[in-house]
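Asks: Have a look at this one before I ask anything.
The values are calculated or read from the model by the stated rules, or taken from the named source; none is laboratory data. If you're wondering where the values come from, they're calculated on a predicted model, not measured in any experiment. Cβ coordinates were reconstructed from backbone atoms using ideal geometry, including for glycine residues, and neighbour counts include every protein chain displayed.
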Amino acid sequence: MDSPDVKEGSSPALEERRRNPRQRLGRIATIKLGVGIPPRFVLVTNTSVEGVRLQLNGIDMLDMFVLLFHGAGGAARDGTYKVVWRQGQEVGAKFISPLTQNT
């Protein structure tokens, strides 16, 4: 039986290049973009041990930011992230470091 995720004539290895699997999340998190900029809320659509995918909803995104999750979220981690791709109102960001006392 053919998998619905793989197009005819292509191999699964070409479809998935990620080192770690993603988990769908659909959860609100707080984003801090910098000193003097009020925190905002973003929708985290998926997460992995390496990073997150965010729905921005009109936020002007900087390259580095702090993301705060509220409660347990599997691979979701509070910490500093760096944007690695942008597409419209979505961004992918790589986990850089956990929070410190001064963050």
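Asks: Between ARG77, ARG86, ARG24, ARG19, which is in a loop (DSSP other than H, G, I, E, B), of a type in the set (Lys, Arg) and at pLDDT 70 or above?
Replies: On the way: ARG86 fails: in a loop (DSSP other than H, G, I, E, B); ARG24 fails: in a loop (DSSP other than H, G, I, E, B); ARG19 fails: at pLDDT 70 or above.
After applying the criteria, what remains is ARG77.
Asks: On the given criteria, is VAL49 in a loop (DSSP other than H, G, I, E, B), within 19 Å of PRO98 (Cα to Cα) and at pLDDT below 90? Before you say what the answer is, go through the steps one by one.
Replies: Values: in a loop (DSSP other than H, G, I, E, B): yes; within 19 Å of PRO98 (Cα to Cα): yes; at pLDDT below 90: yes.
Criteria met by VAL49.
Asks: Identify all residues within the range 42-69 that are in contact (Cβ under 8 Å) with a residue 40 or more places away in the chain and of a type in the set (Asp, Glu); write none if there are none.
Replies: GLU50 - this is the single residue of the range 42-69 that is in contact (Cβ under 8 Å) with a residue 40 or more places away in the chain and of a type in the set (Asp, Glu).
Asks: Also, I was wondering about something else. Only one of (1) surrounded by 17 or more Cβ atoms within 10 Å (Cβ to Cβ); (2) within 10 Å of the chain's Cα centre (by Cα); (3) part of a strand (DSSP E or B) is not met by LEU43, so which one is it?
Replies: Condition (1) is where LEU43 drops out.
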